[in-house]
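Asker: There's a structure below that I have some questions on.
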Amino acid sequence: MRITFNEQKKSKSKTIPANDKEWIKEMTDNYRYFRQNFQKLRQCENKLNELLNQFEQDVKMETKGLRDYLKTM
């Protein structure tokens, strides 16, 4: 059994001892789970940034509306 992975942008392959087969499978599954959730977290972060930017713009527009001299800006 072999495992293939990337390290510093290079593909590497290692032979896995038979007694580590289950351990490698578990670690590989854990890593995949981590990567999937990390990607979801980044998507949430991007959405949060969009919402915060929109909120900032809304607050600015609301504040400008409170004074006549700011409405022309």
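Asker: Select, from K21, K47, K60, the only residue that is over 24 Å from the mean Cα position of the chain (by Cα), of a type outside the set (G, A, S) and farther than 21 Å from N6 by Cα.
Answerer: K60
Asker: Quick test of your reading of the structure: Q36 fulfils all but one of (1) surrounded by 10 or more Cβ atoms within 10 Å (Cβ to Cβ); (2) over 20 Å from the mean Cα position of the chain (by Cα); (3) part of a helix (DSSP H, G or I). Name the failing condition by number.
Answerer: For Q36, the failing item is (2).
Asker: Right, next: Exactly one condition in (1) exposed (fewer than 10 other Cβ atoms within 10 Å of the Cβ); (2) in a helix (DSSP H, G or I); (3) not hydroxyl-bearing (S, T, Y) is false for R42; which is it?
Answerer: Unmet for R42, out of (1) exposed (fewer than 10 other Cβ atoms within 10 Å of the Cβ); (2) in a helix (DSSP H, G or I); (3) not hydroxyl-bearing (S, T, Y): (1).
Asker: May I ask you to verify whether K14 is in a helix (DSSP H, G or I) and either surrounded by 10 or more Cβ atoms within 10 Å (Cβ to Cβ) or among the basic types (K, R) (or both)?
Answerer: Answer is no for this residue.
Taken together, the values in this text are just the output of simple stated rules run on the coordinates, not laboratory data. Being a predicted model, the structure only gives us computed values, none of them experimental. Positions of Cβ are generated from backbone atoms using ideal geometry, with glycine treated the same way; all protein chains shown enter the neighbour counts.
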